[in-house]
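Input: a single structure, listed below in structure tokens.
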Amino acid sequence: MKEFDLEALVRPNVLRLKPYSSARDEFEGEAEIFLDANENPFPTGYNRYPDPHQRALKAVIAERLYLSPASIFLGNGSDEAIDLLFRVFCEPGQNRILSCPPTYGMYTVSAGINDIAIDKVPLTATFQLDMPQLERYFSSPAHKIIFLCSPNNPTGNLLNINDVREVLTRFPGIVVVDEAYVDFAPAGSVVELLSDFPNLVVLRTFSKAWGMAGLRLGMALASPEIIGLLTRIKPPYNVNQVTQELALEGLKNDGEMGEMVREIIQERGRLIESLLGLEGVNKVYPSDANFLLVEFAEAKKVFIALRNQGIIIRDRTRQVKDCLRITVGTPFENQRLLRCLELLLLPDISIH
Ligand code: PMP
């Protein structure tokens with residue numbers, strides 16, 4: 001690949017910045033008495049600030065992923081990492097980014113918050129990268145980041161790894177591969193490409209397979225240089241103590257996570273089969289994630305009718321024509337959904 005000059009991509013103010021130095025940065029060791037951080041001295045269980053560098057948690061994650069802790073950024077959800085990537089690399093009002101819709105909406109929202117223009121190169125009919133269209137941007141220095149999502153939300157499919165490699169090789173900026181749903185996919189993580197591509201940032205989250213959406217914990221995995229930049233500009237205590245402790249505990253119980261993922265994948269298969277047998281279902285897209293994109297003959301009506309029955313799914317008709325996105329639930333929840341759909345979609349009963 002071409003020579004990669006990371007500093008040339010970074011906003012000058014970020015390079016110049018002297019990061020905030022917290023009390024916990026300035027003294028790291030063991031001591032008997034801490035009177036340095038203006039904390040409340042009485043032990044509530046939470047009276048101390050958490051480790052700003054999340055050392056214990058990063059050590060365990062590093063081991064699992066065969067990475068150095070210096071290649072791991074932890075944030076308040078992966079949404080925080082998305083925002084920080086904008087703030088490291090994109091000059092408001094000047095730079096642009098690329099995204100490939102239909103995809104996760106937060107890339108556009110974060111771009112808007114940071115006043116960054118976004119050029120959209122839609123996925124092909126099979127929801128893969130449109131390489132000839134993307135190529136037009138491979139010589140554009142204005143485009144600092146391209147966001148790829150694999151498996152993609154809301155379409156559910158993995159992106160073709162050869163296309164991702166080609167983007168990594170030829171796009172001059174940062175290539176973000178959002179792997180929020182990769183634990184539900186048979187293969188296809190690009191984490192092992194980190195050592196080959198200094199412009200790669202992989203996003204992961206504890207919100208899906210790990211079942212910790214309420215804790216708010218996400219990761220960016222990248223070169224120590226890129227992780228260093230994210231760390232420079234993050235709020236010092238961006239991952240709270242409870243989250244750090246409970247995530248550590250959860251990581252120890254990875255058998256439980258594996259069990260949940262297996263069950264979700266099994267249910268995904270059953271749901272696909274049952275949905276395909278229903279009258280008003282035109283298409284169920286294949287899924288490498290924990291949700292299904294389903295095309296209905298009358299999507300809006302189905303969406304509203306399910307809502308009226310207390311079953312909430314996601315209306316994606318504006319992103320993909322006639323499509324609703326259904327998260328795979330527990331066997332009980334999926335059964336309820338299917339029963340409601342069966343009744344709704346009976347050919348001779350009109351939907352209200
Ligand atoms: N990326 C994708 C593709 C997602 O679908 C989501 C959540 N829906 C996120 C990132 C955000 O995850 P987190 O909960 O870690 O902020």
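The values are calculated or read from the model by the stated rules, or taken from the named source; none is laboratory data. Owing to the predicted nature of the structure, the values given are computational and were not obtained by experimental measurement. With ideal geometry, Cβ positions are generated from the backbone for all residues, glycine too; neighbour counts draw on all protein chains shown.
Per the conditions (1) of a type outside the set (Phe, Trp, Tyr); (2) under 15 Å from Leu221 (Cα atoms); (3) surrounded by 14 or more Cβ atoms within 10 Å (Cβ to Cβ), the sole criterion not satisfied by Ile146 is (2). The C-beta contact set for segment 204-226 (first residue closer than 15 Å to Leu84 by Cβ, second residue within 9 Å of the ligand (Cβ to nearest atom) and among the basic types (Lys, Arg), distance under 9 angstrom, 6+ apart or interchain) comprises Gly218/Arg204; Met219/Arg204; Ala220/Arg204; Leu221/Arg204. List every residue pair whose Cβ atoms sit under 9 Å apart, with the two residues 6 or more apart in sequence or on different chains, where the first one lies in segment 1-28 and is closer than 22 Å to Leu85 by Cβ and in contact (Cβ under 8 Å) with a residue 24 or more places away in the chain and the second, anywhere, is surrounded by 10 or more Cβ atoms within 10 Å (Cβ to Cβ) and aromatic (Phe, Trp, Tyr). Sorted first by the residue in segment 1-28, then by its partner, the pairs are Met1/Phe197; Phe4/Phe197; Leu9/Phe89; Val10/Phe89; Arg11/Phe89; Val14/Phe89. Among helices (runs of 4 or more DSSP H) entirely within segment 69-146, having at least 3 residues that are closer than 22 Å to Val182 by Cβ singles out 78-89, 106-113.
Among the residues of segment 16-37, the ones that are surrounded by 12 or more Cβ atoms within 10 Å (Cβ to Cβ) and either under 27 Å from Pro92 (Cβ atoms) or in contact with a Ser or Thr (Cβ under 8 Å, 6 or more places away or on another chain) (or both) come to 5 in all.
Residues in segment 55-97 that are over 30 Å from Asp115 (Cβ atoms) and in contact (Cβ under 8 Å) with a residue 60 or more places away in the chain: Ala56, Leu57, Val60, Ile61, Arg64, Leu65, Leu67, Ser68, Ala70.
With respect to Ile97, determine if the residue is among the β-branched types (Val, Ile, Thr), within 16 Å of the ligand (Cβ to nearest atom) and within 20 Å of the chain's Cα centre (by Cα).
Values: among the β-branched types (Val, Ile, Thr): yes; within 16 Å of the ligand (Cβ to nearest atom): yes; within 20 Å of the chain's Cα centre (by Cα): yes.
So Ile97 passes the test.
Checking each residue in segment 301-332 for being of a type in the set (D, E, K, R) and either touching a strand residue (DSSP E or B) at 6+ places or on another chain (Cβ under 9 Å) or at pLDDT below 95 (or both) picks out Arg314, Asp315, Arg316, Lys321, Asp322, Arg325. Looking only at residues in segment 158-182 that are in a loop (DSSP other than H, G, I, E, B) and touching a strand residue (DSSP E or B) at 6+ places or on another chain (Cβ under 9 Å), the one that is nearest to the ligand (Cβ to nearest atom) is Ala180. Among the criteria (1) out of contact with any Cys (no Cβ under 9 Å at 6 or more places or on another chain); (2) in a loop (DSSP other than H, G, I, E, B), the one Thr317 does not fulfil is (1).
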